[in-house]
1. For the stretch 90-105, which positions are at pLDDT below 90 and surrounded by 15 or more Cβ atoms within 10 Å (Cβ to Cβ)?
2. When Thr33 is evaluated against the numbered criteria (1) part of a strand (DSSP E or B); (2) modelled with pLDDT of 90 or more, which criterion, by number, is the only one it fails?
3. Would you say Gly76 is more than 17 Å from the chain's Cα centre (by Cα) and open to solvent by less than 20 Å² (accessible area, probe 1.4 Å)?
4. When both residues are 6+ apart or on different chains and their Cβ atoms are under 8 Å apart, which pairs have a first residue that lies in the stretch 82-98 and is on the phi < 0 side of the Ramachandran plot, and a second that is in a strand (DSSP E or B) and of a type in the set (Asp, Glu)?
5. Of all residues in the stretch 145-165, which are among the charged types (D, E, K, R) and either crowded, with 21+ Cβ neighbours inside 10 Å or in a strand (DSSP E or B) (or both)?
Amino acid sequence: MTRVGRSFRSRWLFLLTCVPWWGGCASLGTLETADTVPRGQSRLTAQAWVQGVDDGKKPGVLPQVAVAWRSGVTEGFDVGGKLSLQGAEGSLKLQLAGREEGSPFVMSVAPTAGLVLFSHAWETGDWSSDTQLFAALPLLFALRNPDGSQLVLGLRPTWMRFDQLFDPDSREMAAMGASLGYAFRVNPGLRVMPEAAILVPVADRLERQWVWQRERPQLQFGVAFLMDPVR
């Protein structure tokens, strides 16, 4: 087996060991860099995070993990996905600035949509949900070092819909999130990215009416291991 083949297989085995520990809530942050994956190449990522929840049904701190991948379609544009035993999401990323090699500033937009099963993280009182649909429009701004390390600021407008199985009622919520992380370059094929994120609910839709809300913000602290393609 070639060195490339062994490396790729080792990465997948490492990622698959993370899957059984997945919790039941969508990630609040991005845990990704602002630049896109080069055309024709792929990036594998292992992500782990803890969320602060307060709904009377789950612990105050909820640990979760996920596995993710991204593949370059053209220069400045890639597609990606995130997978777990209880949910999945897909995303696109378009790099708007900083495509030139060595550019110190990067900006991108990354539309994201997904589904999580058995979610309770944003619910209060006696209300619970069995599924959570969500869509977000992260805007990523990064300061990039020559070695590929990045300080990444993310702004994340988010829409969520909560449903109970066998119940026609549903709940929708609009929220605004923000994240700040730093991707450290460890070696040519690996970056480690700690990140802190917050999501603030701003409006709730019940019985076809949107109502402004003052709900407690949700906090998240996470880390991602980005396994970059080695040229």
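The values are calculated or read from the model by the stated rules, or taken from the named source; none is laboratory data. What you are looking at is a predicted structure, and each value in this text was computed from that prediction instead of being measured. Note: ideal-geometry Cβ built from the backbone for every residue, glycine included; neighbour counts use all protein chains shown. Ligands, DNA and RNA are excluded from the accessible area calculation, which covers all protein heavy atoms including side chains. Shrake-Rupley method; radii C 1.70, N 1.55, O 1.52, S 1.80 Å.
1. Start the filter on the stretch 90-105 by keeping residues that are at pLDDT below 90, which leaves 98-103.
Within the stretch 90-105, just Gly98 meets the criteria.
2. (1)
3. On the way: more than 17 Å from the chain's Cα centre (by Cα): yes; open to solvent by less than 20 Å² (accessible area, probe 1.4 Å): yes.
Yes; evaluated as a whole, the condition is true for this residue.
4. Taking only residues 6 or more apart or on different chains, the pairs are Lys82/Glu89; Leu92/Asp78; Lys93/Asp78.
5. Residues of the stretch 145-165 among the charged types (D, E, K, R): 147, 156, 161, 163.
Answer for the stretch 145-165, where residues must be among the charged types (D, E, K, R) and either crowded, with 21+ Cβ neighbours inside 10 Å or in a strand (DSSP E or B) (or both): Arg156, Arg161, Asp163.
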